[in-house]
Amino acid sequence: MSNKIGKLIVFSAPSGAGKSSLIKEIISQSSGAIQLSVSATTRLPRDGEVHGKDYFFISDREFDDLKKKDSFVEHANVYGHQYGTLKSFVDEKTISGIDVILDIDVQGFDLIKDSIKNSISIFIIPPSLAELEKRLKLRGLDSNEVIEKRLMNAKTELKYAKLYDYIVLNDEFNKVLSELKSIIFDKTYESNKQINLNLLKDLLD
Ligand code: 5GP
């Protein structure tokens with residue numbers, strides 16, 4: 001057993017970005033070196049979700065108790081439900097040398113970004129932004145209510161995207177997967193953060 005302390009790998013993305021499938025694949029290819037942090041949440045399980053595997057599904061009261069006991073690395077309210085990263089879970093894994101993926105929202109990352117050392121943070125730009133980009137390039141004929149809402153969301157997300165070490169455009173699963181593997185396993189990945197920030201800026205102008 002090595003004395004290596006596992007690192008934290010933070011993943012954030014707007015909903016629908018395909019983040020979960022990428023995370024699953026990275027974990028399955030890591031031969032046990034990387035595990036997913038299982039958060040606590042007050043939202044109800046969806047079909048097929050398992051307590052202790054996908055989340056610890058708990059009541060508001062239990063969540064508040066954990067908050068009082070300072071049991072969270074970070075916690076946030078996302079779409080009206082509470083979500084929190086459990087210190088006990090993360091510590092147990094990292095102390096055993098396992099790298100831990102935190103799949104958390106931008107507010108959660110904002111809370112911990114200055115205090116986590118030994119970490120990598122990755123912001124995934126969803127395919128829907130790429131679709132949005134294509135439409136905007138067709139000279140803005142798409143300025144309807146839906147596009148407006150997407151732009152508003154994208155603007156908020158852009159503000160946070162800058163805070164991450166890497167910004168990765170999820171346009172093609174296998175390509176993105178190999179970029180993520182380079183970031184995480186090889187550290188050979190040339191950060192294209194600026195390019196993708198520019199892409200986001202173009203979208204928003
Ligand atoms: P979902 O309910 O679809 O599983 O997750 C909704 C959002 O909550 C996602 O953006 C996910 O990253 C975020 N989330 C899940 N667990 C945590 C957590 O422990 N902390 C924070 N801040 N966000 C979380």
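The values are calculated or read from the model by the stated rules, or taken from the named source; none is laboratory data. Note that the structure is predicted; figures quoted are calculated from it, not measured. For neighbour counting, all protein chains shown are included, and Cβ atoms are generated from backbone atoms with ideal geometry for every residue, glycine included. What goes into the accessible areas is simple: the full protein's heavy atoms, side chains included, and nothing from ligands, DNA or RNA. Shrake-Rupley method; radii C 1.70, N 1.55, O 1.52, S 1.80 Å.
With a simple spin-label model that places each label point 7 Å from the Cα along the Cα-to-Cβ direction, the separation between residue 50 and residue 5 comes to 3.1 nm.
In terms of its alpha-carbon gyration tensor, the stretch 1-104 comes out oblate; a/c meets the 1.5 threshold, while b/c is at least as large as a/b. In the context of the full protein assembly, residue 81 retains an accessible surface of approximately 70 Å², using a probe radius of 1.4 Å and ignoring ligands and nucleic acids. Gain on full extension, evaluated as 0.36 nm per residue between residue 185 and residue 64 minus their Cα-Cα distance, stands at 39.9 nm. Residue pairs exceeding 20 angstrom between C-alpha atoms, taken from 7/117; 159/193; 4/53; 7/67; 19/53; 24/68: 4/53; 7/67; 24/68. Once backbone amide H atoms are built at 1.01 Å from N, residue 97 has 6 as its partners under 5 Å, excluding neighbours fewer than 5 places away on the same chain. Computed from backbone phi, the HN-Hα couplings of the stretch 78-90 come to 10, 6, x, 10, 8, 9, x, 8, 7, 4, 4, 5, 5 Hz, rounded to whole numbers (Karplus: 6.51 cos²θ - 1.76 cosθ + 1.60, θ = phi - 60°; Gly and Pro given as x).
Would you check the accessible area of residue 87, probe 1.4 Å, heavy atoms only, in square angstrom rounded to 10? Rounded to the nearest 10, that gives 70 Å².
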